[in-house]
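I have placed the structure first, in the form of structure tokens, so that the comments after it can refer back to it.
The values are calculated or read from the model by the stated rules, or taken from the named source; none is laboratory data. Being a predicted model, the structure only gives us computed values, none of them experimental. Don't worry about glycine lacking a Cβ; one is built from the backbone with ideal geometry, like all the others, and counts go over all protein chains shown. Protein only, heavy atoms only, side chains kept; ligands, DNA and RNA dropped before computing areas. Shrake-Rupley method; radii C 1.70, N 1.55, O 1.52, S 1.80 Å.
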Amino acid sequence: MTADGQLSSLAEIYAGHSVAVPPVISIEVFPPKTADGDQVLLDTLDQLAIYRPRFISCTYGAGGTTRDRTIQLCQQIQSRYACTATAHLTCVGSTCEELLEWIDRARRAGIVNIMALRGDPPQGQGGFTTVPGGLAHADELVALIRGKSDELGVGVAAYPEVHPEAADAASDLANLKRKVDAGADAAFTQLFFRNASFLDFRDEFDRVGVGVPLVPGIMPITEFSRIRRIAALCGAIIPEGLAAELEAVRDDRDAQFEVGVAHAVAQCAELISEGVPGIHFYALNRSRACAEILEALGWGLDDGVVR
Ligand SMILES: Cc1cc2nc3c(=O)[nH]c(=O)nc-3n(C[C@H](O)[C@H](O)[C@H](O)COP(=O)(O)OP(=O)(O)OC[C@H]3O[C@@H](n4cnc5c(N)ncnc54)[C@H](O)[C@@H]3O)c2cc1C
């Protein structure tokens, strides 16, 4: 949202970014499944809103389970925090007609940005399958959105360590370029813990001329066992040194948190010095780790001014 209360599209948010401009902070959350979870999320967003993220994105549940909740949560974010929201949308379980209907509903609800994804089926349901009359890949979803609107901001996923189903890195990058050629405004990476993966990927991204802002996605490690599960699912590599540090404190959750936050701070500091346009935090609906990282990076608020 801008100073005059206007919602900002992803294209506007990243426009004019240069190394001299502080990177855009964005935060990703998911729609909780319980009333307690709703409260935890609101507390989290209350805490993180003071860091003035440029947008908060809200995921679309695996298997399309949060169709309505995603839109409702985005509306709530925009009215409660005066912060632009980005609604995720996946192709899972929906026909094109249903996807178009959802896009219309999102627009009527005041949503100006969509993260366009193919999606994953719920755990235990095997691989992705296209429903009759539905879409097989995210580039088709981007095209579907663009067929409806040139104004909506559209984000897509990028994979510095290669999407687990991709034949190889080159074809995965070619897929990303297809998504951008179909009309995406920005690419947001899968979580990664080795900056070298991101920086090498960015070199290739630039070499093939993908041509949109490439925003690193950072998930602070707060609990080793949980992160190991998430990393295994999405193919993220946990560097040996970091894994050993976390293994050494496997019975001490506070120490794991400290190691994880220190690692994320170091990652973000290096990425910023490398001139990234923003950092997209996978907050997992908790505020403490992100808040500590933002404070450590000097983005805390002590006099009402974001540094
Ligand atoms: C920033 C971000 C946000 C996310 N948010 C969500 C969310 O809200 N909900 C959710 O369920 N999941 C989410 N995911 C996870 C995502 O849905 C999965 O990673 C999914 O497996 C792939 O989605 P995609 O949009 O990258 O798919 P695609 O870009 O379609 O790629 C999927 C695979 O197909 C390959 N491919 C693409 N096109 C072709 C083609 N024409 N021929 C052959 N192969 C092809 C790609 O290389 C890749 O291996 C998110 C991921 C990221 C990085």
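With a cut-off of 16 Å, note down the residues of the stretch 220-244 whose backbone N falls inside the zone around a label point 7 Å from the Cα of R288 toward its beta carbon.
So the set is 220-227.
Taking amide H positions as placed 1.01 Å from N in the peptide plane, with prolines and chain starts having none, which residues 5 or more places from V131, or on another chain, fall under 5 Å of its amide H?
For V131, whose amide H was placed from the backbone, the distant partners under 5 Å are G93, S94.
Distance between Cα centroids, the stretch 82-137 to the stretch 192-242: provide it in whole Å.
A separation of 24 Å, based on Cα centres.
Considering only protein heavy atoms and a 1.4 Å probe, what is the carbon-and-sulfur percentage of the accessible area of the chain?
50
Based on the Cβ-Cβ distance of R207 and A136, what FRET efficiency does E = 1/(1 + (r/R0)^6) give at R0 = 30 Å, to the nearest 0.05? Write down the numbers at each step before the final one.
Details: r = 27 Å, r/R0 = 0.91.
Computed FRET efficiency for R207 and A136: 0.65.
What is the packing order of peptides 67-78, 48-59, 29-40, taking the mean over residues of other C-beta atoms within 10 Å and listing the highest first? Walk me through the numbers before you get to the answer.
Numbers: 67-78: 20.2, 48-59: 22.0, 29-40: 14.7.
Taking the mean over residues of other Cβ atoms within 10 Å, the ranking is 48-59, 67-78, 29-40.
Where q = 0.13, 0.15, 0.16, 0.23 Å⁻¹, what log10 of I(q)/I(0) comes from the Debye formula for the stretch 181-307, counting one point per Cα?
With no solvent term, the Cα-only Debye profile gives -0.57, -0.75, -0.84, -1.44.
Near R228, within a Cβ-to-Cβ distance under 13 Å, what is the net charge of the other residues, with Lys and Arg +1 and Asp and Glu -1?
On the way: positive: R226, R229, R250; negative: E223, E247.
Cβ neighbours under 13 Å give a net charge of +1.
When the gyration tensor of the stretch 83-201 is built from Cα positions, what are the square roots of 5 times its three eigenvalues, in whole Å, from largest to smallest? Let's see the in-between values first.
Working: eigenvalues 114, 64, 34 Å².
So the equivalent ellipsoid measures 24, 18, 13 Å along its semi-axes.
Once both labels are modelled 7 Å past Cα along the beta-carbon direction, what's the E270-A255 spacing in nm?
Distance between label points: 2.4 nm.
Using the 2.2 N^0.38 Å rule of thumb for compact globular proteins, work out how the chain stacks up: its C-alpha Rg over that value, please. Kindly include the intermediate steps, with their values, before the conclusion.
On the way: Rg = 18.4 Å, N = 307, 2.2 N^0.38 = 19.4 Å.
Output field value: 0.95.
What dipole magnitude, in Debye to the nearest 20, does the chain give about its Cα centre under +1 on Lys/Arg Cβ and -1 on Asp/Glu Cβ?
On the way: 26 positive and 41 negative charges, 132 e Å.
About 640 debye.
Local charge sum around I13 (other residues, Cβ-Cβ under 12 Å, Lys/Arg +1, Asp/Glu -1)?
Details: positive: R54; negative: E12, D185.
Result for the neighbourhood of I13: -1.
Gain in length, A243 to Q125, computed as 0.36 nm per residue apart minus the alpha-carbon separation, to one decimal in nm? Don't jump to the answer; show the numbers that get you there.
On the way: separation 118, 0.36 × 118 = 42.48 nm, distance 2.96 nm.
The span from A243 to Q125 would gain 39.5 nm if fully extended.
Extending each Cα 7 Å along its Cβ direction at Q72 and A170, get the distance between those two points in nm, one decimal.
4.9
Amide H of I237: which non-local residues (sequence gap of 5 or more, or other chain) have their own amide H closer than 5 Å, using H built in the peptide plane?
For I237, whose amide H was placed from the backbone, the distant partners under 5 Å are F193.
Defining a contact as two alpha carbons under 8 Å apart and six or more residues distant in sequence, what relative contact order in percent does the stretch 72-151 show?
Numbers: 95 pairs, mean separation 27.5, N = 80.
Once normalised by length, the contact order is 34 percent.
Per-residue HN-Hα couplings for the stretch 47-53, Karplus 6.51 cos²θ - 1.76 cosθ + 1.60 at θ = phi - 60°, whole Hz, x for Gly and Pro?
Per-residue couplings from phi come out as 5, 7, 4, 5, 8, 6, x Hz.
For the stretch 132-255, what relative contact order do you get, as a whole percent, if you take Cα pairs closer than 8 Å and at least 6 residues apart? Mind dumping the intermediate values first?
On the way: 139 pairs, mean separation 31.3, N = 124.
Relative contact order, the stretch 132-255: 25 percent.
Calculate the spin-label point distance for A35 paired with A82, positioning each point 7 Å from the Cα along the beta-carbon direction, and give it in nanometres.
A separation of 3.1 nm, rounded to one decimal place.
Please calculate how many Å² of accessible area the stretch 134-192 carries per residue, with a 1.4 Å probe and no DNA, RNA or ligand atoms counted.
That works out to 37 Å² for each residue.
So, R0 is 41 Å and r is the distance between the beta-carbons of E295 and C96; what FRET efficiency does that work out to, to 0.05? Could you put the intermediate results ahead of the total?
Working: r = 45 Å, r/R0 = 1.10.
For E295 and C96, the calculated efficiency is 0.35.
Can you tell me, using C-alpha contacts under 8 Å and at least 6 residues apart, the relative contact order of the chain as a whole percent? Please list the in-between numbers first.
Numbers: 534 pairs, mean separation 61.5, N = 307.
The value is 20 percent.
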